[in-house]
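Peer 1: Following this message is one structure expressed as structure tokens.
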Amino acid sequence: MATPTPALKDELDIVIPTIRNLDFLEMWRPFFQPYHLIIVQDGDPSKTIKVPQGFDYELYNRNDINRILGPKANCISFKDSACRCFGYMVSKKKYIYTIDDDCFVATNPSGQQINALEQHIKNLLCPSTPFFFNTLYEPYREGADFVRGYPFSLREGVPTAVSHGLWLNIPDYDAPTQLVKPLERNTRYVDAVMTIPKGTLFPMCGMNLAFDRDLIGPAMYFGLMGDGQPIGRYDDMWAGWCCKVICDHLGLGIKTGLPYIYHSKASNPFVNLRKEYKGIFWQEDIIPFFQSIVLPKEATTVQKCYIVLAKLVKEKLSKVDPYFDKLADAMVTWIEAWDELNPAGASLANGKK
């Protein structure tokens, strides 16, 4: 019997940021081997990263980023996993799955290994319901449906742009919570997927995340973090807030819940505190800023929305700290670089749709 072709085999890239050899891929081999990998090497470009045999991959280090983007390379973070968004930019596929190199294959309560990628693909290929909450969660799942009282006019749903997965073992906590609960582990497996309602922001974690690059790619910018920046560990958060506001405006959906991965090791809470320290204060201004945004009707594409956002960041957040002035400029540079590498109509030329 022929093995079935994995879903979206030629339409999805797996993006992995790393500073070390990718031995963790051995565990993922049954699930990842059919797909193309984009590895973004952070840190010292003269270091050789070993990738297990049999994987189809391309690897970019800092020298490659500088060569490809030229002066625009300054919008890509250095010495921070935020560099992964370079992989989103150079991909030519419709879908992206990104995972960290300390994320292992999890098992469900029945002891079966979870194919995280397969679940993300299911999430992305079926609609979202951001305008009205279904109390049985994902209505399109086998064994579930829309409950009584759910408007029929909203049951078709909207396209799903982002699938946000979760983690067993080490939860994605901030430094103060890590310090207070150093031994806490997440063992709770919740068998649910839900659409995040319109108008609700959420903390997006980039270590187990998939998205439709054609629908939301240009908004998946992980900001300026790490080397030479006053902040770290807010890269995925920033992208999540921008994506959510733009998805709400364009009528797209974001799902969270399944799939789980096993997050193997906790990062150092003291190092994390140093990276997050300013962000913990700043987010008290950043969140109300995103909550109050109303994008103009003329902003009909992700790029147009993102440029408006950059302008608003400059206008409203640069009084919180001059860093936001720099970030707003980098947001514009990112869009210019994205459009250079992804000219309009290229996806049609690539035969994507």
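The values are calculated or read from the model by the stated rules, or taken from the named source; none is laboratory data. Nothing here was measured: the structure is a model prediction, and the numbers come from that model. With ligands, DNA and RNA removed, areas are computed over all heavy atoms of the protein, side chains included. Shrake-Rupley method; radii C 1.70, N 1.55, O 1.52, S 1.80 Å.
Peer 1: In the structure displayed, which of LYS278/LYS319; LYS181/LYS265; LYS72/LYS278; LYS275/LYS316; LYS9/LYS94; LYS93/LYS122 lie more than 20 Å apart, Cα to Cα?
Peer 2: Values: LYS278/LYS319 14 Å; LYS181/LYS265 15 Å; LYS72/LYS278 26 Å; LYS275/LYS316 23 Å; LYS9/LYS94 11 Å; LYS93/LYS122 17 Å.
Long pairs (Cα-Cα over 20 Å): LYS72/LYS278; LYS275/LYS316.
Peer 1: Here's a follow-up. If you roll a 1.4 Å probe over the range 197-353 with all protein chains in place, what percent of the accessible area is carbon or sulfur? Please list the in-between numbers first.
Peer 2: Numbers: 3820 of 6610 Å².
The nonpolar share, carbon plus sulfur, comes to 58 percent.
Peer 1: I would also like to ask the following. On the accessible surface of the range 1-159, probed at 1.4 Å, how many percent belong to carbon and sulfur atoms? Walk me through the numbers on the way to the answer.
Peer 2: Working: 4130 of 7920 Å².
It is 52 percent, rounded to a whole number.
Peer 1: Please state the relative contact order of the range 12-341 as a whole percent: Cα pairs under 8 Å, 6+ residues apart? Present the calculation step by step, with values, prior to reporting the outcome.
Peer 2: Values: 615 pairs, mean separation 66.2, N = 330.
RCO, the range 12-341: 20 percent.
Peer 1: Let me ask something else about it. Before I look further, what does the range 12-341 give for accessible area per residue, probe 1.4 Å, in whole square angstrom? Please list the in-between numbers first.
Peer 2: Values: 14460 Å² over 330 residues.
It amounts to 44 Å² per residue over the range 12-341.
Peer 1: With just the Cα atoms defining each centre, how far is the range 203-224 from the range 121-157? Give it in Å.
Peer 2: Taking the Cα centre of each part, the range 203-224 and the range 121-157 sit 23 Å apart.
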